[in-house]
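Have a look at the structure below, then the notes.
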Amino acid sequence: MTALLLVATLVMLIAVVLGLWRVIVGPSTLDRMLGFDLVTLTLAGLVLVFSALTGEGAYVELVLVLSGLGFLTTVAYFYYLTHLEPEAGAQRRDKAHSDEQRDDMAHSDAQRRDMAHSDAQRDDMAHSDERSTTGGRP
């Protein structure tokens, strides 16, 4: 039984490290929040394993507090992102929209240049064909 609890502890410690890595690296806010949830729940599991190893039942209240704080922190952070920061979200959407427009304009410019280049090549070929059929005379 003790060996099983030690293996569970090792697995949960690895999960905590991976969760912390996700919190630090990100790359998005959602990734960071999922990493935070992973760390919180894994720490609650570690407290339960410690409670089982020591035979103390008093740590169960700590698990309830950790789980509740993790949940409330996640809800509060998403509330902050959705309700208290709408201007920042609108600015991000506007920037993305302007970036798309800029890319579309650059793409259109490139298409126009390609068409002008192909028209010039076609004209050059037509003039060279006229010269070859007239014997080089204009």
Among the candidates Leu38, Leu34, Leu20, Leu10, residue that is out of contact with any helix residue (DSSP H, G or I) (no Cβ under 7 Å at 6 or more places or on another chain), among the hydrophobic types (A, V, I, L, M, F, W, C) and in a helix (DSSP H, G or I) = Leu10
Kindly establish whether Gln101 is in a helix (DSSP H, G or I), at pLDDT 65 or above and of a type in the set (S, T, N, Q).
-> yes
In the set Glu56, Glu61, which member is charged (D, E, K, R), farther than 17 Å from Tyr77 by Cβ and not in a helix (DSSP H, G or I)?
-> Glu56
If a residue has to be buried (at least 16 other Cβ atoms within 10 Å of the Cβ) and more than 14 Å from the chain's Cα centre (by Cα) to count, how many in region 10-38 make the cut?
-> 7
State whether one or more residues within region 70-83 are closer than 27 Å to Asp37 by Cα, among the small types (Gly, Ala, Ser), touching a helix residue (DSSP H, G or I) at 6+ places or on another chain (Cβ under 9 Å) and modelled with pLDDT of 70 or more.
-> yes
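The values are calculated or read from the model by the stated rules, or taken from the named source; none is laboratory data. Because the structure is predicted, anything quoted here is derived from the model rather than measured. A quick note on method: Cβ atoms are made from the backbone with ideal geometry, for glycine too, and the neighbour counts reach across all protein chains shown.
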